[in-house]
Amino acid sequence: MGNRRKWISKSIPALLFTACLLSGCVSDKEKLEKEEAYRLIGIHAMEEGKYEEAMEAFNNALGQTEKLGAMEVDICCYKAAAQFAAGDFTAAVETYDLLLEADNHNSDIYFLRGCVNLKMNEIDKAQEDFRQAVERAKDDEIYLSVYNSLYGAGYEAEAKGYLDEALEKKAGRPAKNHTVKGKIYFLRGDYEKAVEHLLTAVEKGDVEANLTLAQAYEAMGEEQKANSRIDAYIEVNPESSVAYNQLGKKAVGDKKYQEAVSYFSKGLELEEVTNEQELWSNLIAAYEYSGDFESAKEKMKEYQKEYPLDAAAKREYFFLTKNREEPEQK
């Protein structure tokens, strides 16, 4: 709306400007600004774990318009996520229901509703949603998403069925489909077939396939090829979490521990972090190498909240606490 009004100059008669006000120009603009502001308030509230406040903000955002465009769909998805996080699964399903009434071709919405139904132990409903999501998806990556959801919920047989189906399909043109096949073969330990498909994906333009390709080469004991694939990824994504992790590891190798801390921290601060656990672990190690055991202990405490099942981290935290805080026994 702001761009449309740039042509208005001080020389234009006040009558014309008043007419614009009466026609609703400013009103529409103000509603859009309010909608965006409430959306941001809701997102920030979610980040702080204030889900009731988040839902109220999202409702206020949606109250600024009667249409259902891309932004409104986005807000509804955030609202459903807040409802889910607050434990109100029924309300989350209802929100997704409304979205699907408006657009029943949205693969992502079917998948998200399936995840909520899965959480409610409605496995039949979840499976139906996942099936609808797969049928409407633009590429085969949906198979991995469904697999992870089902496998994480304990439905291993059903999860593996989706991997089987994905492998039976022809990859076709999309590079992402070759990446998916490569990841599946990697999960099954068939590294040669994984490499075959992942190389095809890279050739077709999917740079991210290099990351799984590096893992496959590493599993095959080909360290040099693995490193070259990570370098290839970093060349295209110089400010990614993977890049910062590699720069941090190099700094540690050069005994530049403060630089390493800076690199690992920058990686964790990014909006999209694909290797969070590794970055956390390396950051803690960098603090220890630098002699800053207090910071290492504090970061380890945060790490344990995120990854409570890491037994090695528990032992390390015990070491940091035991040896740095308790007075020596006489």
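The values are calculated or read from the model by the stated rules, or taken from the named source; none is laboratory data. Note that the coordinates shown come from a computational prediction; the quantities given were computed from them, not determined experimentally. Backbone-built Cβ (ideal geometry, glycine too); neighbour counts: all protein chains shown. Areas reflect the complete protein model, heavy atoms only, side chains present, ligands, DNA and RNA absent. Shrake-Rupley method; radii C 1.70, N 1.55, O 1.52, S 1.80 Å.
Skip the ligands, DNA and RNA, and give the accessible area per residue of the range 30-118 with a 1.4 Å probe, whole Å².
54
What FRET efficiency comes out for the pair Leu32/Lys204, r = Cβ-Cβ distance, R0 = 41 Å, nearest 0.05?
0.60
Could you state the angle between the C-alpha long axis of helix 25-47 and the longest principal axis of the C-alpha atoms of the chain, as a value from 0 to 90 degrees rounded to the nearest 10?
30
Once you wrap a convex hull around the alpha carbon atoms of the range 62-194, what is its projected area averaged over all directions, in nm²?
Its Cα hull, projected and averaged over all orientations, spans 8.9 nm².
Where a Cα-Cα gap under 22 Å defines reach, which lysines qualify for Lys255, not counting those fewer than 8 residues away within the same chain?
Lys266, Lys297, Lys299
Once both labels are modelled 7 Å past Cα along the beta-carbon direction, what's the Lys125-Asp164 spacing in nm?
Computed distance between label sites Lys125 and Asp164 equals 2.7 nm.
Run through every distinct alpha carbon pair of the range 84-162 and return the Kirkwood hydrodynamic radius in angstroms, one decimal place.
It works out to 12.4 Å.
For the range 180-277, evaluate the Debye formula with one uniform point scatterer on each Cα (no solvent term) and list log10 I(q)/I(0) at q = 0.15, 0.22, 0.24 Å⁻¹, rounded to two decimals.
-0.62, -1.09, -1.18
Counting alpha carbon pairs within less than 8 Å and at least 6 residues apart, what relative contact order, in whole percent, applies to the chain?
In percent, rounded to a whole number, it is 6.
Between Ala157 and Glu239, what is the label-point separation in nm under the 7 Å Cα-to-beta-carbon projection?
Simple spin-label model gives 5.0 nm for this pair.
Run the numbers for Glu272 and Leu187: contour at 0.36 nm per residue of separation, minus the present Cα-Cα distance, in nm.
28.3 nm
Could you state the angle between the C-alpha long axis of helix 89-102 and the longest principal axis of the C-alpha atoms of the chain, as a value from 0 to 90 degrees rounded to the nearest 10?
Tilt relative to the chain: about 60 degrees.
What is the angle, in °, between the Cα long axis of helix 209-219 and the longest principal axis of the Cα atoms in the chain? Nearest 10 is fine, range 0 to 90.
20
Dividing the convex hull volume of the Cα atoms of the chain by its residue count, what figure in Å³ per residue is obtained?
Enclosed volume per residue, from the Cα hull, is 231 Å³.
Filter the cross-link list Lys67/Lys119; Lys79/Lys119; Lys50/Lys125; Lys125/Lys193; Lys170/Lys225; Lys34/Lys125 down to pairs whose alpha-carbon distance in this structure exceeds 25 Å.
Lys67/Lys119; Lys50/Lys125; Lys125/Lys193; Lys170/Lys225; Lys34/Lys125
Does the range 192-244 come out rounded, prolate or oblate, given a ≥ b ≥ c as the square roots of the eigenvalues of its C-alpha gyration tensor, rounded meaning a/c under 1.5 and, failing that, prolate meaning a/b above b/c?
oblate
Starting from the Cα gyration tensor of the range 137-227, take the square roots of the eigenvalues, sort them a ≥ b ≥ c, and report rounded, prolate or oblate (rounded when a/c is under 1.5, otherwise prolate if a/b is larger than b/c, else oblate).
Judged from the Cα gyration tensor, the range 137-227 comes out oblate (a/c at least 1.5, b/c at or above a/b).
Can you pull the percent of the chain's accessible area that's carbon plus sulfur, 1.4 Å probe, other chains left in place?
Within the chain, the accessible surface is 48 percent carbon and sulfur.
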